[in-house]
Amino acid sequence: QDIYEAAEIENASPWRRFWDITFPMLLPISVAVVLIRLIESLKIIDTVIVLTGGGPGIATETLTLFAYQEGFRKFNLGYTSALSFLFLIVIIIFGLVYLAVLKPQLEKYR
């Protein structure tokens, strides 16, 4: 509350108060939320199955749908297991790179 009062005394506009005070305070939680949502978006399967089934052809097939089809329709469980493990490694690397890129921003507002 003190920070907002100081900004009002300095005649900061509402936009400047949001951009310079509120947004930096929300940054740490926003980083976590965006990372979780990105991981969830990579795992999408239900929407694709319901809407298109992966078709026409393989135009809307995702990696998780491909793994599902290999494992439960073709019973190629070893290939599906390896594919899922590689997908996990890609997600971990993606998450680490994302956090490494944003770490200086998070340290600045700590």
Amide H of THR60: which non-local residues (sequence gap of 5 or more, or other chain) have their own amide H closer than 5 Å, using H built in the peptide plane?
-> GLY55
Once phi for every residue in the range 66-83 is put through the Karplus expression 6.51 cos²θ - 1.76 cosθ + 1.60 (θ = phi - 60°), the whole-Hz ³J(HN,Hα) values, with Gly and Pro written as x, are 4, 5, 4, 5, 5, x, 9, 9, 9, 6, 9, 6, x, 5, 5, 5, 5, 5
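Averaged across orientations, what area in nm² does the convex hull of the alpha carbons in the range 67-110 project?
Values: hull surface 14.2 nm².
Seen from a random direction, the Cα hull of the range 67-110 projects 3.6 nm² on average.
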If you roll a 1.4 Å probe over the chain with all protein chains in place, what percent of the accessible area is carbon or sulfur?
-> 69
Reachable lysines from LYS74, Cα under 24 Å, same-chain residues fewer than 8 places away excluded?
-> LYS43
Quick one: if you stick a label point 7 Å off each Cα along the C-beta vector at ILE92 and ILE58, how many nm between them?
-> 2.6
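Where nothing but the Cβ of Lys and Arg (+1) and of Asp and Glu (-1) is charged, how large is the charge dipole of the chain around its Cα centre, in debye to the nearest 20?
Working: 9 positive and 10 negative charges, 88 e Å.
Charge dipole, the chain, about its Cα centre: 420 debye, nearest 20.
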Estimated vicinal HN-Hα couplings, Hz - the range 47-62 in sequence order (Karplus 6.51, -1.76, 1.60; Gly, Pro = x) = 5, 5, 5, 5, 7, 10, x, x, x, x, x, 10, 4, 10, 6, 9
The chain - Rg over Rh from alpha carbon coordinates, Kirkwood radius = 1.23
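The values are calculated or read from the model by the stated rules, or taken from the named source; none is laboratory data. Source: prediction; values computed, not measured. Don't worry about glycine lacking a Cβ; one is built from the backbone with ideal geometry, like all the others, and counts go over all protein chains shown. Just the protein is used for accessible areas: all its heavy atoms, side chains included, with ligands, DNA and RNA removed. Shrake-Rupley method; radii C 1.70, N 1.55, O 1.52, S 1.80 Å.
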